[in-house]
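J.: Got a structure for you, questions after.
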Amino acid sequence: MWQDPIVKETRLLREQYANQFGHNADAIFQDILRRQAASGKKLVSFEHRKPVLSKIVAK
């Protein structure tokens, strides 16, 4: 079966990153937040959108 080398490399890097934190999702998320804060880049945040209620026409 053919394997895409980019996908293979991405999965390997993801596995290595997760191993650093023992596959603990909370620890990974905290690392991501720490990296974002350390980057000094402005992060974009959008206001929450109000849900649009669709009108269902009864027949």
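J.: Cβ-Cβ under 9 Å, sequence separation 6+ or interchain: first residue in the stretch 18-34 and among the polar types (S, T, N, Q), partner exposed (fewer than 12 other Cβ atoms within 10 Å of the Cβ) and not in a helix (DSSP H, G or I). Which pairs?
T.: none
J.: Right, next: Go over the candidates I6, I56 one by one and state the one that is at pLDDT 95 or above and of a type in the set (A, V, I, L, M).
T.: Working: I56 fails: at pLDDT 95 or above.
Of the residues listed, the single one that is at pLDDT 95 or above and of a type in the set (A, V, I, L, M) is I6.
J.: Same structure, new question: Within the stretch 23-50, track down each residue that is modelled with pLDDT of 85 or more, surrounded by fewer than 10 Cβ atoms within 10 Å (Cβ to Cβ) and in a loop (DSSP other than H, G, I, E, B).
T.: Those that are modelled with pLDDT of 85 or more, surrounded by fewer than 10 Cβ atoms within 10 Å (Cβ to Cβ) and in a loop (DSSP other than H, G, I, E, B): G40, K41, F46, E47, H48, R49, K50.
J.: Please go through the stretch 1-22 and pick out each residue that is outside any helix (DSSP H, G or I) and either among the acidic types (D, E) or surrounded by 10 or more Cβ atoms within 10 Å (Cβ to Cβ) (or both).
T.: Looking only at the stretch 1-22, we keep the residues that are outside any helix (DSSP H, G or I), and these are 1-4, 21-22.
Answer for the stretch 1-22, where residues must be outside any helix (DSSP H, G or I) and either among the acidic types (D, E) or surrounded by 10 or more Cβ atoms within 10 Å (Cβ to Cβ) (or both): D4, F21.
The values are calculated or read from the model by the stated rules, or taken from the named source; none is laboratory data. Only a predicted model underlies this, so the values are computations on that prediction, with no experimental measurement involved. Methodologically, a virtual Cβ is constructed for each residue, glycine included, from the backbone with ideal geometry; neighbour enumeration extends over all protein chains shown.
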